[in-house]
Every structure is written in C-alpha cells, then in structure tokens.
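Enquirer: Quick one: this structure, given as structure tokens, is what I'll be asking you about.
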Amino acid sequence: FSRILLLSWAVTTPPLLMGLALLMHAALNRMLSDPASARRAIFVGYNEISVSLAQRVERTSSAALKVSGFFDDRAPHRLGGAGDGEGQLEIKGGLKDIVEYVQVYGIDVIFVALPVSHLARVQKLLDDLRDTTVSIYYVPMVFPFDTIQGGTSEFLGVPLIALCETPFHGTRGVSK
C-alpha cells in the first residue's frame, strides 16, 4: 500500500470510529430512556431498602425500568402507610399474589428485599416462578448490622457482603 493511502486511513479512521461510537451511544440512551421500552419491575418486601431502590429506579431513566408496585404479607398499618397511596409505591398484594400478577401484567424483573430469616419464602417464590422468564434479583438485607467496616466483594466467583472486614489486610495493612 502507498504511504499516502496508509496516512489517509490512519488520519480519517479514528475520528470516524469515535463519531460512530458517540452516535450509537446517543441512540442507545434515547432508546433506553423511552418509557415505552422500559421493563416492568416489582418489589417483594416493603421496607426502607426496597422503597429507596424503587425511588432510584424511577429517577434513573437509563435503568429502563418502571416500578409496578410492591408485594408484602404484612398488614398495611405495619408498613407505615404503604398501602394508602396510589401509583407505583402501592402494595399490590401478598407473596401468594405475585405469580398471577407477573403473568397478567407481564412483569420482567423482580427485586426480592426480604430479610435472610425469610429464606424459605424466597425459595418458594423461586419455585413458583420457575416456568416464567422473569429476572429475579435478591437485595441483601444487612441494615440490622453495623457495616461501617463492610463492603461487597467476590471470592472465587461468589459475591460476598463483608459485614466486618479488618483494615490490616493487604495494601490497607501496609498503609495502617
């Protein structure tokens, strides 16, 4: 190849590729922020963490999620007035109502925000939803613990939540 051809290619290709990448990024953002393409989500368990996450989802258009409601077996008076409101933060029913709601309203995503003590209920829910295509995510309920030295990590491919981690390990130990 001639030097002129190689130099022309080297000068024009990077700006062209960057412009194309920016154009595709803008198109993807526009598509994701379109309310018509948003996936529908519900929350299992009405508590401080699930409400906070639902509010963040509603404020973040790039999440491409629309909150359809909450499901909790507790009575509305024990939930701090959650069942009184209208709209997405409303209690739609108990855990026994989730499967039917998912099928009728085409729910795409479920966030399970129940304490670890309710693991049997979570397992039953997983078994009941086995034949659906819904994505299910568990939101860890660690707020009863003092996690001032905690954090999230991964160990051999398994996600972990550190409830208390020593500051004297690894590079942090050197700095201490």
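The numbers here are math on the coordinates, done by the rules we state, and not lab data. All figures in this text were calculated on a predicted structure; none of them were measured in a lab. Neighbour counts run over all protein chains shown; Cβ positions are idealised from the backbone, glycine included.
Enquirer: Which order do the peptides 1-7, 100-106, 50-56 come out in when sorted by mean C-beta neighbours inside 10 angstrom, highest first?
Expert: Ranked from most to least packed, the peptides come out as 50-56, 100-106, 1-7.
Enquirer: To the nearest 20 debye, what is the magnitude of the charge dipole of the range 1-80 about its Cα centre, counting +1 on the Cβ of each Lys and Arg and -1 on the Cβ of each Asp and Glu?
Expert: Roughly 140 debye for the range 1-80.
Enquirer: Please compute the modelled spin-label separation between R130 and L17, points set 7 Å along Cα→Cβ, answer in nm with one decimal.
Expert: Here the answer is 4.8 nm between the modelled labels.
Enquirer: Sort the following peptides by mean Cβ neighbour count (other Cβ atoms within 10 Å, averaged over residues), highest first: 42-48, 71-77.
Expert: 42-48, 71-77
Enquirer: Obtain the radius of gyration and the Kirkwood radius of the range 1-137 from its C-alpha atoms and give Rg over Rh.
Expert: Value, to two decimals: 1.26.
Enquirer: Here is a follow-up. Order of 26-33, 119-126 by packing, highest average Cβ count within 10 Å first?
Expert: Order by mean packing, descending: 119-126, 26-33.
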